[in-house]
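Since the structure comes first, as structure tokens, the remarks are kept for the end.
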Amino acid sequence: MPNLLVNIDHVGTLRNARQETFPDPVHAAALCEQAGAHGIVFHLREDRRHITERDVHLLADTVKGKLDFELSTDEEVVAICCDVAPDLATLVPERREEVTTEGGLDVTAHQQRLEDRVDRLFGAGIEQVSLFVDPIPAQIDAAAAVGANCVELHTGDFAEADTERARREEAERLAQGARTAHEAGLRVHAGHGLNYRNFSLFQETVPHVAEVSVGFAVMARAILGGLGQAVRDMNATVNGPLS
Ligand code: PXP
């Protein structure tokens, strides 16, 4: 059974949309851990659109389980990650105009840059350094060649497949990717678009997965699942408790 790490970025998205101090991703991280998450994931983006440096430092101080810091190869963000020294650093591609991470890193095209960042992250005492890659054997082998000790397989194509057949084909690609990574001695993580419906097919098809990172599906369910109670609480505030 893989460990579940919950990505709390979108709590920051909601807070920042109103330029408020709440809801606080640090508070959300504590609730996720209390509810059984093995750890917490966040992505400090160059544009700070959700997680801020204040959040990073508080998360580093307060998260009790595994902390996964997602980052691009940007110099400033790499320096912050080295300073914080999380349990796991996951390098991801990043473009300012994207809505969310789109696809895995092109490791074969950026070997030197990635090798430098992987070295620096290990040099800061971080024990697991992972590259977010599509389930393509050449990219996975390149991740091992630049010195990473984990890969996170991008599950976005699997999640977005619009027919049952396409979804099964994507699950098979992920399974092959996981075998390639395992044979190369890499720890296997996976994430992006995993949800309450697609997880069972993922799990029964893809071997060797030590950890999954899930964000959007959990936050979407939290909002709708908590909405009834939030309205009852507001009604009690406006009208007094129901007798
Ligand atoms: N893994 C990586 C590398 C990501 O960038 C994201 C999205 O922030 C996730 C996992 C989680 O994806 P989702 O929010 O769709 O569960």
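Test of understanding: among ARG165, ARG173, which residue is more than 16 Å from the ligand (Cβ to nearest atom), over 28 Å from ARG49 (Cα atoms) and in contact with a Pro (Cβ under 7 Å, 6 or more places away or on another chain)?
Answer to the selection: ARG173.
Output the residue which, of all residues in segment 89-119 that are of a type in the set (D, E, K, R) and either modelled with pLDDT of 95 or more or in contact with a strand residue (DSSP E or B) (Cβ under 7 Å, 6 or more places away or on another chain) (or both), is nearest to HIS154 (Cα to Cα).
ASP106
Of the residues ILE140, ILE126, which is hydrophobic (A, V, I, L, M, F, W, C), on the phi < 0 side of the Ramachandran plot and in a loop (DSSP other than H, G, I, E, B)?
The conditions single out ILE126.
Using beta carbons and a limit of 6 Å, which pairs, at least six apart or on different chains, have the first residue in segment 130-146 and modelled with pLDDT of 95 or more and the second one basic (Lys, Arg)?
Hits for this filter: PRO135/ARG173.
I need a count of the residues in segment 160-198 that are assigned to a loop (DSSP other than H, G, I, E, B), surrounded by 14 or more Cβ atoms within 10 Å (Cβ to Cβ) and of a type in the set (Ser, Thr, Tyr).
Final tally of qualifying residues: 0.
Looking at segment 199-217, which of its residues are outside any loop (DSSP other than H, G, I, E, B) and aliphatic (A, V, I, L, M)?
Listed by number, the residues that qualify are LEU201, VAL209, ALA210, VAL212, VAL214, ALA217.
Has segment 216-226 got any residue that is touching a His at 6+ places or on another chain (Cβ under 8 Å) and within 16 Å of the ligand (Cβ to nearest atom)?
yes
Among LEU105, LEU58, LEU121, which is over 23 Å from PRO2 (Cβ atoms) and either in contact (Cβ under 8 Å) with a residue 12 or more places away in the chain or of a type in the set (A, V, I, L, M, F, W, C) (or both)?
LEU58 is the lone residue from the list that is over 23 Å from PRO2 (Cβ atoms) and either in contact (Cβ under 8 Å) with a residue 12 or more places away in the chain or of a type in the set (A, V, I, L, M, F, W, C) (or both).
Within segment 191-202, take every residue that is touching a residue at least 24 places away in the same chain (Cβ under 8 Å) and within 15 Å of the ligand (Cβ to nearest atom) and give me the one that is farthest from GLY103 (Cα to Cα).
Going through the qualifying residues, I end up with TYR196.
Suppose we filter segment 199-222 for residues that are crowded, with 16+ Cβ neighbours inside 10 Å and hydroxyl-bearing (Ser, Thr, Tyr); how many remain?
Residues in segment 199-222 being crowded, with 16+ Cβ neighbours inside 10 Å and hydroxyl-bearing (Ser, Thr, Tyr): 2 in total.
Give the number of residues within segment 1-47 that are at pLDDT 95 or above, assigned to a loop (DSSP other than H, G, I, E, B) and either away from the ligand (no atom under 14 Å from the Cβ) or over 26 Å from THR73 (Cβ atoms) (or both).
Residues flagged as at pLDDT 95 or above, assigned to a loop (DSSP other than H, G, I, E, B) and either away from the ligand (no atom under 14 Å from the Cβ) or over 26 Å from THR73 (Cβ atoms) (or both) within segment 1-47 amount to 12.
The values are calculated or read from the model by the stated rules, or taken from the named source; none is laboratory data. Everything numeric in this text was worked out from a predicted model, so none of it was measured. Virtual Cβ from ideal backbone geometry, glycine too; neighbours counted across all protein chains shown.
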